[in-house]
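Take a look at the structure set out below.
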Amino acid sequence: MSCPRILLASAALALSAFGSAAAADLYPWRNHDAPFAFVFGNEIDTHQQTRQTRDGGLFGFFYVRFTGMLTKDHYPVATHVDCNAHPHPDCTVGWALHGKPISATFFYQNMEEHPVFLAKRADITQPGSPSHFHWLGAAMPMQHHPVNGFLLQLTAVDRFCFVQHGAEAADPAATCRKNGGVNVDPGVDIATHLNIVASAP
């Protein structure tokens, strides 16, 4: 990771100490206005803003919307939304992200989960903790066919319970996990969007 990218990630982590209000100020949702104008060409663009780096990678932000509910274990519930339908200040930065261009093969998808991709072990960034591959283009990739995209590393800049589906129905009497969520704390996050494997049966 280059020095400027390390500094940006460090700044994102420092801001997390001030809570979601500061995270919102980290970089407001601007619907891909320059310089964060890169788009994948599919649904992920409704909650990401990134820019291409000189080495062909990505740097940017993943956005969430806080529902206003607190779980039993004291995590504010947050989820992805279409940030054009929920403009700032509803959408706030949940993660800083770094991406590396790779090709991966669509493996399978279980309902309500991210599609799983087979990545070459040598393409997994070292040092680093990338956990999510996302493809380029509008069409869902064909099963067992390679597709171009980016391998993403996510660094959480806030503390929240990330619920992928059904966040509005979360129960304050239940823990984040019981609500189907993942506890997120500031720092590298490999759990919320994990969708890569390095070998197939």
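The values are calculated or read from the model by the stated rules, or taken from the named source; none is laboratory data. In this text, all values refer to a predicted model and were calculated from it rather than measured experimentally. Positions of Cβ are generated from backbone atoms using ideal geometry, with glycine treated the same way; all protein chains shown enter the neighbour counts.
A few remarks follow.
- No other residue among 56, 60, 68 is small (Gly, Ala, Ser) and either under 13 Å from the mean Cα position of the chain (by Cα) or under 21 Å from residue 190 (Cβ atoms) (or both) apart from 60.
- Restricting 26, 58 to those that are in contact with a strand residue (DSSP E or B) (Cβ under 9 Å, 6 or more places away or on another chain) and modelled with pLDDT under 95 reduces the list to 26.
- Residue match in region 119-141 (condition: in a loop (DSSP other than H, G, I, E, B), charged (D, E, K, R) and closer than 30 Å to residue 70 by Cα): no
- Restricting region 175-190 to residues that are touching a residue at least 40 places away in the same chain (Cβ under 8 Å) and among the hydrophobic types (A, V, I, L, M, F, W, C) leaves a set whose member that is surrounded by the fewest Cβ atoms within 10 Å (Cβ to Cβ) is 190.
- Matching entry among 170, 139 (being out of contact with any Asp or Glu (no Cβ under 9 Å at 6 or more places or on another chain) and at pLDDT below 95): 139
- Yes/no for residue 114 being modelled with pLDDT under 95, in contact with a strand residue (DSSP E or B) (Cβ under 9 Å, 6 or more places away or on another chain), surrounded by 12 or more Cβ atoms within 10 Å (Cβ to Cβ) and over 26 Å from residue 55 (Cα atoms): yes
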